[in-house]
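Okay, structure first, notes after.
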Amino acid sequence: LDAYIDGKGIKLSCEFPLQEQLEKQIADITIQNRQVTGLVMKPDTIRGKVLMTGKEQIEIEGYGVLPLQKQYRIYKLYGEYAMEPTNSILVGYSNVTFVMEGDTICAALITEAIKAENIRVLISVDRTANYQHSQVVLSSEDSFTSTVGTLVKEHLPGEELVFDYEELKQSGERIVIKPFSESGRIRVKSITRSYGIPQYRGTLEVVAAEEGLLLVNELPLEEYLYSVVPSEMPVSHGEEALKVQAVCARSYAYQQLMANRYARYGAHVDDTV
């Protein structure tokens, strides 16, 4: 039996022949007198978009918040096997298979490398590290939808959606707001910036945290640069300066994404300076 345990590959002899071929599976192994005397397989797996990660739990789209076992491990299965650190589970992506034991996650299997196409931006209250919103008010000049679980509701242009912390905390629901058209934007009327009321491409997610509502904007990485680059480099500086800023901004965003710095909030970067 070839086993990969706590970051090391080892060969184990079995007291009895295996009844079936096993490959890339998680199991509890019982060893007596230097021989494997028992295998308890963990065949139950789930897979979905990771929305938030923490030290004790992970939120997965379609499954909700699931607790982690104390012996929880993360293994990389593509290329050479490796045991990965806990921040290897990137939010916003579905490249991980989670191994279940009852209602808890006992292991995570990273089956493919990340193709960083989307980025998740944590929207602050006032461009500081204050991310807890007491209330979130959203609208759009285009038609848009709000999704809770599998329930999708359509909204007309100009319609306002108001989310209060206490109400959303009781329900424990994550709300996903999305414009009908790719060019549509969602206005967040409960916050202001120096230029007025901000608008966001892509989707917005609202979820209750411990002390307030979290607001996360998910959109393609290249579209994220549409707003970031001109806000960091004045257009009057010329095209070459904007090209350089685009490279810097994209590189920084990718570095932050892979670092998983804001995973506990379900994001890759925030919108502060």
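The values are calculated or read from the model by the stated rules, or taken from the named source; none is laboratory data. Everything quoted here is computed from the prediction, not taken from an experiment. With ideal geometry, Cβ positions are generated from the backbone for all residues, glycine too; neighbour counts draw on all protein chains shown. These area figures cover heavy atoms from the full protein model, side chains too; ligands, DNA and RNA do not enter into them. Shrake-Rupley method; radii C 1.70, N 1.55, O 1.52, S 1.80 Å.
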Checklist entry - For the chain, what number of Lys pairs, 8 or more residues apart or on separate chains, have alpha-carbon atoms under 14 Å from each other? => result 6
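Using a 1.4 Å probe on the protein heavy atoms, what percent of the accessible area of region 75-186 belongs to carbon and sulfur?
Working: 2830 of 5850 Å².
The value for region 75-186 is 48 percent carbon and sulfur by accessible area.
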Next on the checklist: What distance in nm separates the two pseudo spin-label positions at SER171 and GLU239, each 7 Å out from Cα along the beta-carbon direction?
Outcome noted: 4.9 nm
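Sort ASP6, ASP270 from largest to smallest accessible area, using a 1.4 Å probe on the heavy atoms of the protein chains. Could the numbers behind the result be given before it?
Working: ASP6 90, ASP270 20 Å².
Of ASP6, ASP270, the descending order of accessible area is ASP6, ASP270.
Before anything else, pin down the relative contact order of region 153-220: Cα pairs under 8 Å, at least 6 apart, normalised by residue count, whole percent.
29 percent
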Checklist entry - Of LEU138, LEU51, LEU122, which is the most mobile in a GNM of the chain whose springs link Cα atoms less than 10 angstrom apart? => result LEU138
Checklist entry - How many Å² of accessible area per residue for the chain, probe 1.4 Å? => result 58 Å²
Next on the checklist: Using only the alpha-carbon atoms, how far is helix 221-232 inclined from the longest principal axis of the chain? Give it as 0 to 90 degrees, nearest 10.
Outcome noted: 50 degrees
Checklist entry - GNM, the chain, Cα, under 10 Å: largest mean-square fluctuation among ARG73, ARG193, ARG47? => result ARG193
Checklist entry - Using a Gaussian network model of the chain with C-alpha springs under 10 Å, which one of LEU225, LEU214, LEU242 is most mobile by mean-square fluctuation? => result LEU242
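Let me know the charge dipole size of the chain about its Cα centre in debye, to the nearest 20, where only the beta-carbon of Lys, Arg (+1) and Asp, Glu (-1) is charged.
580 debye
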Item to check | Value of [θ]222 nm, deg cm²/dmol, for the chain, DSSP H segments ≥ 4, -39500 (n - 2.57) each, nearest 500 | outcome: -4500 deg cm²/dmol
Checklist entry - Can you give the angle from 0 to 90° between the axis of helix 239-259 and the longest principal axis of the chain, with both taken from C-alpha atoms, to the nearest 10? => result 40 degrees
